[in-house]
Amino acid sequence: MFRLVRVRDVVRVPPTEFGKDLKEIAYKQLRERYIGKVSQDLGLIVGVWDVEVEPEGEILPADGATYHYAEFTLITFYPMRDEVVEGPVSNVQRYGIFVTIGPIDALVHISQLGDDRFVYDHAKGTFTGEQTKVTIGLNDIVRGQIISVSIAPPSTIKVGMTLRRPGLGKVGKLGG
């Protein structure tokens, strides 16, 4: 799930940047500081938007830079347990598939592919249900439910999904 979160922070404007657009300086610094970081409270930060900077800053002793308060919106991706999501299969491994959901990939373990017994075909890079004959492979669209989320700052989010519930699975094939 994507969220918009309003945040307040301080940006440092070095003397070499004096006279330049304050909003651009702040935007660049905030992007470098936040984008790609993982927070326990916010999830994965994917964007900085709507930056407002106080025009008057403070100068600290022994530092020629000015410090300005900035208010801005962070665009975050925070996967929620029990959330139903759709995405393409981005990778197929012997132990399961990876599905792209937003900016990350979630793992669907082989035991969670469906109620059928799925067999891995290394040559084709697919899983096929023994009874249903449903094949799941690279770029197929699947609908799944998030069953586990692990957030480990500063840069890791791991998501586990299942396709074993009604209405989930390969879109157009397993009740999708």
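I'm told Tyr95 meets every condition in (1) of a type outside the set (A, V, I, L, M); (2) under 15 Å from the mean Cα position of the chain (by Cα); (3) in the same structural domain as Ala123 (by TED's automatic domain parsing) except one. Can you identify the failing condition by its number?
If we test Tyr95 against (1) of a type outside the set (A, V, I, L, M); (2) under 15 Å from the mean Cα position of the chain (by Cα); (3) in the same structural domain as Ala123 (by TED's automatic domain parsing), just (2) comes out false.
Residues to consider are Ile147, Ile101; find the one that is aliphatic (A, V, I, L, M), surrounded by fewer than 19 Cβ atoms within 10 Å (Cβ to Cβ) and in contact with a strand residue (DSSP E or B) (Cβ under 9 Å, 6 or more places away or on another chain). Spell out the reasoning first.
Details: Ile101 fails: surrounded by fewer than 19 Cβ atoms within 10 Å (Cβ to Cβ).
After ruling out the rest, the residue left standing is Ile147.
Just to be sure before I move on: is Val89 surrounded by fewer than 14 Cβ atoms within 10 Å (Cβ to Cβ) and either more than 30 Å from Asn139 (Cβ to Cβ) or β-branched (Val, Ile, Thr) (or both) in the structure I sent?
Numbers: surrounded by fewer than 14 Cβ atoms within 10 Å (Cβ to Cβ): no; either more than 30 Å from Asn139 (Cβ to Cβ) or β-branched (Val, Ile, Thr) (or both): yes.
Criteria not met by Val89.
Filter region 127-156 for residues that are under 13 Å from the mean Cα position of the chain (by Cα) and under 18 Å from Tyr95 (Cβ atoms) and give the result.
Once the filter is applied, which keeps residues that are under 13 Å from the mean Cα position of the chain (by Cα) and under 18 Å from Tyr95 (Cβ atoms), region 127-156 yields only Ser150.
Could you tell me which of the residues Phe18, Phe77 is at pLDDT below 95 and aromatic (Phe, Trp, Tyr)?
Values: Phe77 fails: at pLDDT below 95.
Just a single option satisfies the conditions, and that option is Phe18.
Among the residues of region 16-28, which ones are part of a helix (DSSP H, G or I) and more than 12 Å from Val53 (Cα to Cα)?
From region 16-28, those part of a helix (DSSP H, G or I) are 16-17, 22-28; that's our starting set.
Thr16, Glu17, Lys28, listed by residue number.
Would you please list the contacts, defined by Cβ atoms under 7 Å and residues six or more apart or on different chains, that run from a residue in region 118-130 that is loosely packed, with under 14 Cβ neighbours inside 10 Å to a residue that is modelled with pLDDT of 95 or more and not in a loop (DSSP other than H, G, I, E, B)?
Val119/Phe127; Val119/Thr128; Asp121/Thr128; Lys124/Gly137; Glu130/Val119
Considering only residues of region 37-58 that are touching a Ser or Thr at 6+ places or on another chain (Cβ under 6 Å) and either within 22 Å of Phe18 (Cβ to Cβ) or among the charged types (D, E, K, R) (or both), which is surrounded by the most Cβ atoms within 10 Å (Cβ to Cβ)?
So the first thing to find is which residues in region 37-58 are touching a Ser or Thr at 6+ places or on another chain (Cβ under 6 Å), and the list is 38, 42-43, 45, 49-50, 57.
Filter once more, so that each one left must be either within 22 Å of Phe18 (Cβ to Cβ) or among the charged types (D, E, K, R) (or both): 50, 57.
On the way: Asp50: 12, Gly57: 17.
If we take residues in region 37-58 being touching a Ser or Thr at 6+ places or on another chain (Cβ under 6 Å) and either within 22 Å of Phe18 (Cβ to Cβ) or among the charged types (D, E, K, R) (or both), then Gly57 is surrounded by the most Cβ atoms within 10 Å (Cβ to Cβ).
For region 70-77, check the following and say yes or no: at least one residue is hydroxyl-bearing (Ser, Thr, Tyr), over 12 Å from Arg6 (Cβ atoms) and outside the structural domain of Ile151 (by TED's automatic domain parsing). Show your work before the answer.
Going through region 70-77, the residues hydroxyl-bearing (Ser, Thr, Tyr) turn out to be 73, 76.
Of the ones still in play, those that are also over 12 Å from Arg6 (Cβ atoms) are none.
No, region 70-77 has no match at all.
I'm trying to understand the selection: among the residues of region 78-115, which are out of contact with any Gly (no Cβ under 9 Å at 6 or more places or on another chain) and aromatic (Phe, Trp, Tyr)?
Passing the criteria: Tyr95, Phe98.
In region 131-168, what count of residues is obtained for those that are of a type outside the set (S, T, N, Q), farther than 14 Å from Gly96 by Cβ and in a strand (DSSP E or B)? It would help to see each step written out before you state the result.
Of region 131-168, the ones of a type outside the set (S, T, N, Q) are 133-134, 136-138, 140-144, 146-147, 149, 151-154, 157-161, 163-168.
Narrowing further to those that are farther than 14 Å from Gly96 by Cβ: 133-134, 141, 143, 146, 149, 151-154, 157, 165-168.
Retained after the next criterion (residues that are in a strand (DSSP E or B)): 141, 143, 146, 149, 151-152, 157.
Count: 7.
The values are calculated or read from the model by the stated rules, or taken from the named source; none is laboratory data. Not measured: the values here are computed from a predicted model. Don't worry about glycine lacking a Cβ; one is built from the backbone with ideal geometry, like all the others, and counts go over all protein chains shown.
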